[in-house]
Amino acid sequence: MGKKAFITGITGQDGSYLAELLLSKGYEVHGLVRRSSTFNTSRIDHIYVDPHDPHAKLFLHYGDLSDSEQIANIMYNIKPDEVYHLGAQSHVRVSFETPEYTGNVTALGTTRLLETLRRSNHGIKFYQASSSEMFGGSAPPQDEETPFHPRSPYACGKVYAYWMVRNYREGYGMYAANGILFNHESPRRGETFVTRKITRGIARILAKKEHYLYLGNLDARRDWGFSPEYVECMWKILQQKNADDYVIGIGETHSVREFLDAAFEYAGLDVEKHVKIDPKYFRPTEVEVLIANPSKAEKNLGWKPKIRFNELVKIMVDADMRAAGLSPVGEGDAILKKTFSKMWWKAD
């Protein structure tokens with residue numbers, strides 16, 4: 001019998017790619033979704049079938065990370081082999097406006113899951129989606145030994161969750177691991193995140209639906225990779241003999257301005273004509289530079305990313321142009337076909 005996996009945040013960018021990966025490996029996949037007035041499953045609709053179908057391998061469960069009893073009931077009924085905790089209030093700028101909610105879901109939500117697993121005593125493996133934002137003001141490059149210096153309520157919540165994972169691993173002998181992922185993007189990235197905001201804005205400008213794109217700090221520098229490659233790392237982390245913590249990233253840094261310039265140049269647009277800076281998009285405290293040192297992951301997990309910065313930009317611009325009913329430039333599509341000849345995930 002194949003393994004069972006439980007994914008929180010399954011309807012997000014990473015959750016949808018991870019679900020595809022695990023299904024391709026023969027897993028039975030269960031996901032946590034929040035009840036809302038509108039459907040928010042668009043990223044996984046293409047892999048979802050009627051759960052009453054005898055061939056169904058993907059099942060969704062309504063729940064919330066703020067409700068420990070509900071989480072415990074779901075976990076008791078599923079009895080998964082692996083839990084991938086990706087769910088959170090994950091938007092850094094929004095966390096300044098909703099700090100209490102962010103802490104409740106991002107920090108305490110992790111504790112609720114860990115405590116449920118501890119009480120179950122089933123030897124379930126647990127993956128925590130930690131974030132490079134935890135490093136915040138720490139000097140780059142950042143690796144597993146770099147001290148944390150969080151600069152947002154979101155980052156503070158992630159630091160709390162990281163140390164809870166470490167404490168449950170060291171205190172109770174649980175298989176609990178942290179993946180400290182640096183920025184990773186794709187055509188499935190949320191529309192309010194800056195990379196997707198840029199590429200979607202380009203498509204809307206080209207489609208004559210908008211004339212201006214409004215952005216905040218263009219000087220922040222990040223280490224950007226391709227999300228489908230990063231979810232493979234999540235799986236690899238839980239396949240190791242012993243639980244451990246890993247920094248996952250490319251190992252190079254680029255500014256938001258570089259992403260903006262590369263995307264506009266690729267689409268044949270002039271940044272000066274279409275981009276305006278709006279102070280409301282600036283954070284109260286900024287993280288200036290994040291750059292990963294992923295040597296431990298490369299050595300222990302045998303992981304090496306294929307998609308680099310310029311290729312990522314082209315992939316995302318092409319996808320948003322296609323989504324807007326435009327003909328893509330095509331180089332991004334060609335990169336995907338060349339790099340992943342047997343790609344089981346869909347980029348968009």
When you check ALA207 against the structure, is it surrounded by fewer than 22 Cβ atoms within 10 Å (Cβ to Cβ) and modelled with pLDDT of 95 or more, yes or no?
yes
Inside the stretch 41-55, can you point out the residues that are within 21 Å of TYR17 (Cα to Cα) and open to solvent by 60 Å² or more (accessible area, probe 1.4 Å)?
SER42, ARG43, ASP45, HIS46, TYR48, VAL49, ASP50, HIS55
Within the stretch 205-234, the residues that are over 17 Å from ASP261 (Cα atoms) and among the basic types (Lys, Arg) are LYS208, LYS209
Count - residues of the stretch 56-107 that are polar (S, T, N, Q), open to solvent by less than 40 Å² (accessible area, probe 1.4 Å) and in a helix (DSSP H, G or I)
3
Taking the condition of being over 16 Å from the mean Cα position of the chain (by Cα) and either assigned to a loop (DSSP other than H, G, I, E, B) or polar (S, T, N, Q) (or both), how many residues in the stretch 120-161 meet it?
23
Members of the stretch 162-204 that are of a type in the set (Phe, Trp, Tyr) and in contact (Cβ under 8 Å) with a residue 24 or more places away in the chain
TYR162, TYR168, TYR172, TYR175, PHE182, PHE193
Looking at (1) acidic (Asp, Glu); (2) out of contact with any Asp or Glu (no Cβ under 8 Å at 6 or more places or on another chain); (3) without any contact (Cβ under 8 Å) to a residue 60 or more places away in the chain, find the lone condition where GLU232 falls short.
(3)
Take the residues in the stretch 127-173 that are closer than 17 Å to ASP244 by Cα and of a type in the set (Asp, Glu); name whichever of them is most open to solvent (accessible area, probe 1.4 Å).
GLU145
Does the stretch 10-22 contain at least one residue that is closer than 19 Å to GLY123 by Cα, among the aliphatic types (A, V, I, L, M) and out of contact with any Pro (no Cβ under 7 Å at 6 or more places or on another chain)?
no
Kindly indicate whether LEU65 is of a type outside the set (Gly, Ala, Ser) and in contact with a Ser or Thr (Cβ under 7 Å, 6 or more places away or on another chain).
yes
Single condition ASN293 does not satisfy, out of (1) in contact with a helix residue (DSSP H, G or I) (Cβ under 7 Å, 6 or more places away or on another chain); (2) in contact (Cβ under 8 Å) with a residue 60 or more places away in the chain; (3) buried (at least 17 other Cβ atoms within 10 Å of the Cβ):
(1)
I need every pair where a residue in the stretch 41-70 that is under 21 Å from ARG189 (Cα atoms) has its Cβ under 7 Å from the Cβ of a residue that is hydroxyl-bearing (Ser, Thr, Tyr) and open to solvent by less than 70 Å² (accessible area, probe 1.4 Å), sequence separation at least 6 or different chains.
THR41/THR11; ARG43/THR11; ARG43/SER16; ILE44/THR11; ILE44/SER16; TYR48/THR41
Return the residues of the stretch 69-97 that are under 24 Å from MET174 (Cβ atoms) and out of contact with any Gly (no Cβ under 9 Å at 6 or more places or on another chain); say none if nothing qualifies.
GLU69, ALA72, MET75, TYR76, ASN77, ILE78, LYS79, PRO80, GLU82, VAL83
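The values are calculated or read from the model by the stated rules, or taken from the named source; none is laboratory data. Keep in mind that what you see is a predicted model, and the values were worked out from it rather than measured. So basically every Cβ, Gly included, is an ideal-geometry build from the backbone, and we count neighbours across all protein chains shown. Heads up: the accessible areas ignore ligands, DNA and RNA and are worked out on the full protein's heavy atoms, side chains in. Shrake-Rupley method; radii C 1.70, N 1.55, O 1.52, S 1.80 Å.
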